[in-house]
Amino acid sequence: MIRSRTTGPRSLIVVCAAFVVCLVASPPQAEQSPASPSADRRSDGLAAWQQVYMVLTHQRCINCHTATNYPQQGDDRHRHFANVVRGPEGRGVPGLHCATCHQEANADSTGAPGSHNWHLAPLSMAWQDPHDQLLSSAELCRVLTDRSKNHDMDGSALLQHHAEDKLVGWAWEPGRGLNGLPRTLPPLSRPQFADATRRWVEAGTPCPPGQAGE
Amino acid sequence: MSAASTAANDLLLSRRTFLRVSATAAGGLLVALYLDGPVAAQEASQAPPKPQIYPPDAFVNIRPDGTIVIQVNRLEFGQGVHTALPMLLADEMDADWSQVIAELAPAADVYKDPRVGMQMVGGSGSIAHSFQQYRELGAKTRAMLVAAAAAQWQVGPQQCRTEASVVHGPSGQSARYAALAAAAAKQPVPAAVQLKDPAQFRLVGQAVRRLDSRPKCDGSLKFGLDLDLPGMMTAVVAHPPVFGARVKSVDDKVARSVEGVREVFEIPLAHGTGVAIVADKFWPAKQARDRLQIDWDLSAVERADSAQLWAQYTALARTPGHVAVARGDAQALAGMASGNRVVAEYHFPYLAHSPMEPLNTTVRFDGDRAEVWAGSQFQTVDQAAIAEVLGLQPAQVTFHTAMAGGGFGRRATPDAHVQREAAAIAKRLRGTPVKLVWTREDDVQGGYYRPMHVHRIEIGIGPDSMPAAWHHVIVGQSILGGTPFAAMLVKNGVDATAVEGVADTHYTIPNFHVSVHHPTPNVPVLWWRSVGHTHTAFVMETLMDELAARAQMDPIAYRRKLLDPTATKLRAALDLMEAKSAAWRRKLPTQHAVGIACHASFDTGVACAVEVSIENKRPRIHQATVAVACGLAVNPLTIESQFQAGVAFGVSQLMAKGAITLTDGRVEQRNFDAYTPPYMIDAPVAVDVHIVPSTEPPSGCGEPPVPVIAPAVVNALAQLTGTRYRSLPLVAI
Amino acid sequence: MATYQLTINGQRREVMTDPSTPLLWVLREDLKLTGTKYGCGVSACGACTVHVAGVATRSCMVPVSMIGDRPVVTIEAIGQDPVGKVVQDAWVSHDVVQCGYCQSGQIMSAVVLLKHTPNPTDQNIEESMGGNICRCGTYPRIRQAIKAAAQHLQ
């Protein structure tokens, strides 16, 4: 969200120009205008991060970003039934792989969600603590931007992951559950999520201050 | 010899049947069902009943190739009778065991349980009740084969001996059973036979592997659900969301549009009405049911609610109920100081049996006759119920007993509700075989649960640290009320199955008062493997542990001191368990604890010690040592299996998601995700089983494993956490 | 309704059925292979386990339309597999079964475990077999049989 301030036609043009620059996917540049100091850019980025955080901590995403040896399921994020476990590669174990039930697409007739390459996010990308509590906004931001943990993804790689990865995209087409009802969706659409990610990346992926648990 | 058709199907459960109950020397209940007619006069004079003569040819068929087919007079649903009963017969018969095949007998008078008088499996009575019967059948068959050979050889029968399906004469003659079968069938059936001395047993007492193992491991064994008949249709039923509700209106347009759906119609149920869908196959039937729009009339039914029931039951438990036991001085407790009292309240939820094979029945109605296939624990009752729905006599209903994927009591229903549904559907589709399938959701939500219970106990502890006074109130639905069994097992307002394990405790407790309330919420209930012992053993054995701790006595020693000296089986089991577990109990790792429990049920004494730690906030049962006193062990391999697996079944009561709950009349759980049975990690890792050597007649092993495990585990947990768990299931430790 | 060409136990089979039909019911009712069992229909119990392209698969959860040409192996054919035969023999020699209804699924899961992990630890066994329900409770003997099979396969 861009913090409201006095805008004139020149600022508007500058903003549009900045948008066009981003569409061409060149490295984000801070737009310097006499009325936009880097603090504004940072706070825009933090605002965008909050939107990203809201999506990342939605059940459709966080249920597979666990810190434990099991996935979660459901809007109440309970431990996945049938004692399925993470396994050495986040794909389960022989006899009880993710693919034992989850196919390449949702199976609405049986209630099994599915997507390409269904598996758990690595432990380095856990967005919860070992007691299934969500990481704070500050802590999750730090984890997400830590290239030693995130498979060496820089800002544009993160953006691509959010905008284009098939398994990530499942969150917006999650199919129907065992009760026949459609699974709930993240609070933003995927394009909105991608856009928020872009704005956050353009702002230099700022993280809010604070310790874990704040 | 060929299997005779049993024409005597007239002797079925009728309204004028009655039960006679007497106590056995061992302290259990002997239920004998006597039928109408000539026996009534006997009853009046109190003379002992005439022994039944069972025709061997209904039980044994020797084929020309030497195969021996033995009919098993009750359902095999995992307990191992399919092997153990034929062992008894084959041993007395001196049959070549490698040639024996067992079949589950169809419903017929001759296959009724000889003590209970109906064809059934339950009460852990299979071996106990048919032990003598199957031995006699084997001995008579042998006698007739020998008589035939002796006649051929012109020698005396006593000069012959038998071994491995061969009769040997005194002068080197020999003849295979298969060759003698036809002649033997013409021999008179002896009225009395000499049974083997146990020292002569070749099979009985040996660890004999199951006959049904291989086909259960290669996919070839057909369970009821696997049945496939030409032209068969599959049906599912939409049951009301609240027990007993009725269909007000149905919009089946979308349902009927599912390809493969043939018929959609309302049917009466045991409680209320439902809608049946008949289709070519299961999946379209289920899809169609999911698309039915049913408006249910809930106006006339009570909506049971767990929260309300807990409140009601808890209040009732503080008032005296119908008296089950009143021994000694009812005022003794009042005279004891409050510092010497233990007051405890226990909560037990509804439990579903959930056998792995969902309930199913196949019926074909042809107008003047019908044919049924079902994995039934209650063939006599089921056959009669189906006949009634179809307007037939039971003799006109051929009832095949299918192998069943578990039962635990669920496949024995006095009201035969599933069979009645199937019959109602088959009636409508006359001429077409219809397989009724209950889905897992139907099963979890369909009622017939182990009832909810509250117990409230006040114990006055004497100066010797032993209980000096004991007031016990139990609250829970009567299982037998409203059934034909009520006449004999509900007396003075007390359903015996609700108090068994407390009322008949083997602990010597003076001033012992037990009473019970039987509320009647709108929830169908049923016996769940070990019935009353499921909750009474938990109460008794956890209280014993508390009392032992208060007395600062070893839990085994405390029990031994308190047990009635005449409780020989239970004492023997306790002693054996103590001996066999001593080594590991003395060497526990840190954060591990031992839990002890002992309990007698169905005339069998069981004691166990478990080693428990807490992992991921759940009890982890590293090992269990179980000792059993069950009289003669017919097949120790089966008995070991029953106890290894039965204690895993008993863990059901501890599972965090191991409760059926209702809110506003609706069952909240739908499937195993929300009502969760034990998985491998929940069960003991290893169970060593020890059988007290005995030559006494065998007593049951089907249910006795179940009651001891939950209290033993909880007793161990109490040491690890300092908490006494009195509410099941164990949601949080 | 649609037609599917499936490879079942090494044979090409053609079925015509609704695309949403789980593989389980195609096996049981269209192909009359009833060894694979219906226990819950929601993949919580494992009684429906088959192998699809070598992966243990809960056939109650997978619509037939998603199988494609991946080869399917069921309990009826697993005895022809060298690991499958050893597992079945171990099950019989250890008298594992009680009612037996879950055992097709248990065996199919155990075979995949042993193919991937020839020398499974207790933890391996618990993790791989941990999603199969045996209501009778034959778990202790299942553990023993798997270990015996593993030894035999050394």
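The values are calculated or read from the model by the stated rules, or taken from the named source; none is laboratory data. As the structure is a prediction and not an experimental result, all values here were calculated from the model. Cβ placement follows ideal geometry from the backbone for every residue including glycine, while neighbour counts extend to all protein chains displayed. Surface areas here come from the heavy atoms of the whole protein model, side chains and all, with no ligands, DNA or RNA. Shrake-Rupley method; radii C 1.70, N 1.55, O 1.52, S 1.80 Å.
Counting, for every residue in C:53-65, the Cβ atoms of other protein chains within 10 Å of its Cβ and taking the mean gives 5. Summed over both chains, the contact between C and B buries some 4900 Å² of accessible surface at a probe radius of 1.4 Å. When the trypsin sites (Lys or Arg not before Pro) in segment C:1-93 are filtered for DSSP coil states and for at most 13 other beta-carbon atoms within 10 Å of their beta-carbon, the remaining sites are C:K32. Charge tally around B:Q152: other residues with Cβ under 14 Å, Lys/Arg +1 each, Asp/Glu -1 each, net +2.
Taking the chain by itself as reference, segment C:17-44 contains these residues with an accessible-area loss of 50 Å² or more in the full protein complex (1.4 Å probe, heavy atoms): C:S20, C:W25, C:E29, C:T34, C:Y38, C:V42, C:A44. Taking amide hydrogens as placed 1.01 Å from N in the peptide plane, the amide H of B:T663 sits under 5 Å from those of B:S306, B:E668, each at least 5 positions away in sequence or on another chain. In a simple Cβ point-charge model (Lys, Arg +1; Asp, Glu -1; nothing else charged), the protein assembly as shown has a dipole of about 340 debye relative to its Cα centre. The spacing between segment B:553-624 and segment B:350-398, judged by their C-alpha centroids, is 42 Å.
Close amide H partners of B:V72, meaning residues 5 or more places away or on another chain with modelled amide H under 5 Å apart, are B:E103, B:L104, B:A105. Helical content of chain B, expressed as a calculated mean residue ellipticity at 222 nm, amounts to -8500 deg cm²/dmol (DSSP H runs of 4 or more residues, -39,500 (n - 2.57) each, divided by residue number, nearest 500).
For segment B:361-410, relative contact order (Cα pairs under 8 Å, six or more residues apart, normalised by length) works out to 39 percent.
Could you tell me which of rounded, prolate or oblate describes segment B:59-130, using a ≥ b ≥ c as the square roots of the eigenvalues of the alpha-carbon gyration tensor, with rounded for a/c under 1.5 and, failing that, prolate when a/b is larger than b/c and oblate otherwise? It is prolate, given that a/c is not under 1.5 and a/b is the larger ratio. For the protein assembly as shown, rounded, prolate or oblate, judged on the Cα gyration tensor with a ≥ b ≥ c (square roots of eigenvalues), a/c < 1.5 rounded, else prolate if a/b > b/c? Prolate, because a/c is 1.5 or more and a/b exceeds b/c. Quick check: from the Cα gyration tensor, does segment B:225-275 come out rounded (a/c under 1.5), prolate or oblate? The shape class here is oblate. Put C:D81, B:D603, B:D91 in order of accessible area, highest first, and with a 1.4 Å probe you get B:D603, C:D81, B:D91. The share of accessible area on chain B that comes from carbon and sulfur is 52 percent, using a 1.4 angstrom probe. Each Cα pair under 8 Å and six or more residues apart adds its separation to the average, and for segment C:26-154 the resulting relative contact order is 27 percent. Take each residue of peptide C:85-94, count the partner chain Cβ atoms within 10 Å of its Cβ, and average: the result is 3. Take every pair of alpha-carbon atoms less than 8 Å apart whose residues are at least six positions apart; their mean separation over the length of chain B yields a relative contact order of 14 percent. Interface residues of segment B:206-227, defined as those with an accessible-area decrease of at least 20 Å² between the chain by itself and the complete set of protein chains (probe 1.4 Å), are B:R209, B:R210, B:S213, B:R214, B:K216, B:C217, B:D218, B:G219, B:K222, B:F223, B:L225, B:D226. Ligands, DNA and RNA excluded, the heavy atoms of A:S124 present near 40 Å² of accessible surface to a 1.4 Å solvent probe. Computed from backbone phi, the HN-Hα couplings of segment C:140-151 come to x, 6, 4, 4, 4, 5, 5, 5, 5, 5, 4, 4 Hz, rounded to whole numbers (Karplus: 6.51 cos²θ - 1.76 cosθ + 1.60, θ = phi - 60°; Gly and Pro given as x).
Taking chain C as a Gaussian network of alpha-carbon nodes connected by springs under 10 Å, the highest mean-square fluctuation of the residues C:M61, C:M16, C:M129 belongs to C:M16. When both bridge partners sit in the protein assembly as shown, DSSP labels roughly 80% of those beta bridges antiparallel.
Taking every residue in B:304-310 and counting other chain Cβ atoms within 10 Å of its Cβ, the average works out to 0.
Here chain B is assigned +1 on the Cβ of each Lys and Arg and -1 on the Cβ of each Asp and Glu. Its dipole about the Cα centre then comes out at about 400 debye. Summing charges over neighbours of C:R143, with a neighbour being any other residue whose Cβ is under 12 Å away from its Cβ, gives 0 when K and R count +1 and D and E count -1. For segment B:663-686, a drop of 50 Å² or more in accessible area on going from the chain alone to the assembled protein chains (1.4 Å probe) is found at B:D673, B:Y679, B:M680, B:V685. When only alpha carbons are used to place a centre, segment C:68-134 and segment B:300-338 end up 50 Å from one another.
By the combined test of axial Cα extent (at least 18 Å) and Kyte-Doolittle hydropathy (mean at least 1.0), the qualifying DSSP H helices of chain B come to B:705-721. Taking Cβ atoms as reference points and 12 Å as the exclusive limit, the residues near B:V264 contribute a net charge of +2, counting Lys and Arg as +1 and Asp and Glu as -1.
Taking all protein chains as they are arranged and a probe of 1.4 Å, the heavy atoms of B:R303 leave approximately 100 Å² accessible to solvent.
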